[in-house]
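Q: Dropping a structure here in structure tokens format, bear with me for questions.
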Amino acid sequence: MAVVQAVVPDQAHWSAPHVARVLVRAAAEVLFLHQGAVDHSVVERLLAQAERWCMEDGAPVGVRKRLFNVLVEALENLHHHALDEHRSGTWAALLRTADAYIVLIGNPVPQTTALLLQNRIDILNDMDEETLKQHYLTLLSNEGRTERGGAGLGLLTMARKSQRPIGLVTEVVDGGTARVVMELLVPRTA
């Protein structure tokens, strides 16, 4: 297995304490960390890095598929749902422990969005696998989706493909903005 190069977050960036907390708690190592705006080229680059690490780890196909489903949805959410004035504040990290891959994403959002996201994640965390599947099929048939999503399919896909509970930390920045950090765990065994 290849040796992971040390990835040191910009300590001035708001992601630093969140990444550090998970590194210590989970005895993890950082496979990638991106701090700043996420566009299509960033999504492609980070997915390529994740693929390289999975291949070097010898991760089973099922694990790689689950991880990529989670990463694609998480990164696309950062790409499509970041507010223009806060794009530079987004970030994404992939960490590895002995047992799992941990996906961390952070994004400044309106406080109302943070509350809505917490509510949706609480509901998803309470669902069993069969209920998640049925909810997913219902949302697929929802005519209310837009080109940017909005029906909750990405969040539901992340819940179905990761180990629950999904973690969410919210920090109030000012009167109208909050920063949210989502933590998703994908076990390294099939």
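The values are calculated or read from the model by the stated rules, or taken from the named source; none is laboratory data. It should be emphasised that the depicted structure is a prediction, and the values quoted were computed from it without experimental measurement. Cβ placement follows ideal geometry from the backbone for every residue including glycine, while neighbour counts extend to all protein chains displayed.
Q: Of the numbered conditions (1) surrounded by 15 or more Cβ atoms within 10 Å (Cβ to Cβ); (2) in contact with a helix residue (DSSP H, G or I) (Cβ under 9 Å, 6 or more places away or on another chain); (3) modelled with pLDDT under 95, LEU140 fails exactly one; give the number of that condition.
A: For LEU140, the exception is condition (1).
Q: Give me the residue from segment 32-45 that is touching a residue at least 24 places away in the same chain (Cβ under 8 Å) and small (Gly, Ala, Ser) and, out of that set, surrounded by the most Cβ atoms within 10 Å (Cβ to Cβ).
A: Just the residues of segment 32-45 that are touching a residue at least 24 places away in the same chain (Cβ under 8 Å), to begin with: 32-40, 42-43.
Next, from what is left, pick out any that are small (Gly, Ala, Ser): 36-37.
Numbers: GLY36: 14, ALA37: 16.
The selected residue is ALA37.
Q: Name the residues in segment 8-31 that are modelled with pLDDT of 90 or more, surrounded by 12 or more Cβ atoms within 10 Å (Cβ to Cβ) and not in a helix (DSSP H, G or I), would you?
A: TRP14, SER15, ALA28, GLU29, VAL30, LEU31
Q: How do the pairs read when you match residues in segment 46-73 that are over 20 Å from ALA98 (Cβ atoms) and in a helix (DSSP H, G or I) with residues anywhere that are among the hydroxyl-bearing types (Ser, Thr, Tyr) and at pLDDT below 95, using Cβ under 9 Å and keeping only pairs 6 or more apart or on different chains?
A: ASN69/THR157; VAL72/THR157; GLU73/THR157
Q: Of the conditions (1) at pLDDT 95 or above; (2) in contact with a helix residue (DSSP H, G or I) (Cβ under 6 Å, 6 or more places away or on another chain); (3) surrounded by 21 or more Cβ atoms within 10 Å (Cβ to Cβ); (4) of a type outside the set (Asp, Glu), ARG64 fails just one. Which one is it?
A: (3)
Q: Given (1) buried (at least 18 other Cβ atoms within 10 Å of the Cβ); (2) modelled with pLDDT of 95 or more; (3) over 16 Å from ILE123 (Cα atoms), where does PRO187 come up short, assuming only one miss?
A: Going through the list (1) buried (at least 18 other Cβ atoms within 10 Å of the Cβ); (2) modelled with pLDDT of 95 or more; (3) over 16 Å from ILE123 (Cα atoms), PRO187 breaks only (1).
Q: Just to be sure before I move on: is LEU115 more than 11 Å from the chain's Cα centre (by Cα), among the hydrophobic types (A, V, I, L, M, F, W, C), under 20 Å from ALA159 (Cα atoms) and modelled with pLDDT under 95 in the structure I sent?
A: On the way: more than 11 Å from the chain's Cα centre (by Cα): yes; among the hydrophobic types (A, V, I, L, M, F, W, C): yes; under 20 Å from ALA159 (Cα atoms): yes; modelled with pLDDT under 95: yes.
Taking the combined requirement at face value, the residue satisfies it.
Q: Restricting to segment 83-134, count the residues that are of a type in the set (Phe, Trp, Tyr) and touching a helix residue (DSSP H, G or I) at 6+ places or on another chain (Cβ under 6 Å).
A: Step one: filter segment 83-134 for residues of a type in the set (Phe, Trp, Tyr), giving 91, 101.
Retained after the next criterion (residues that are touching a helix residue (DSSP H, G or I) at 6+ places or on another chain (Cβ under 6 Å)): 101.
The qualifying residues number 1.
Q: Hey, which of the strands (runs of 3 or more DSSP E) in segment 84-190, taking only ones fully inside, have at least 1 residues that are of a type in the set (Phe, Trp, Tyr) and touching a Lys or Arg at 6+ places or on another chain (Cβ under 8 Å)? Full working, then the answer.
A: Working: elements: 91-96, 100-110, 163-172, 177-187.
Counting at least 1 such residues, we get 100-110.
Q: Here's another thing I want to ask about it. Please go through segment 143-184 and pick out each residue that is under 20 Å from the mean Cα position of the chain (by Cα), modelled with pLDDT of 85 or more, of a type outside the set (A, V, I, L, M, F, W, C) and over 26 Å from TYR101 (Cα atoms).
A: Of everything in segment 143-184, just one residue is under 20 Å from the mean Cα position of the chain (by Cα), modelled with pLDDT of 85 or more, of a type outside the set (A, V, I, L, M, F, W, C) and over 26 Å from TYR101 (Cα atoms), namely THR177.
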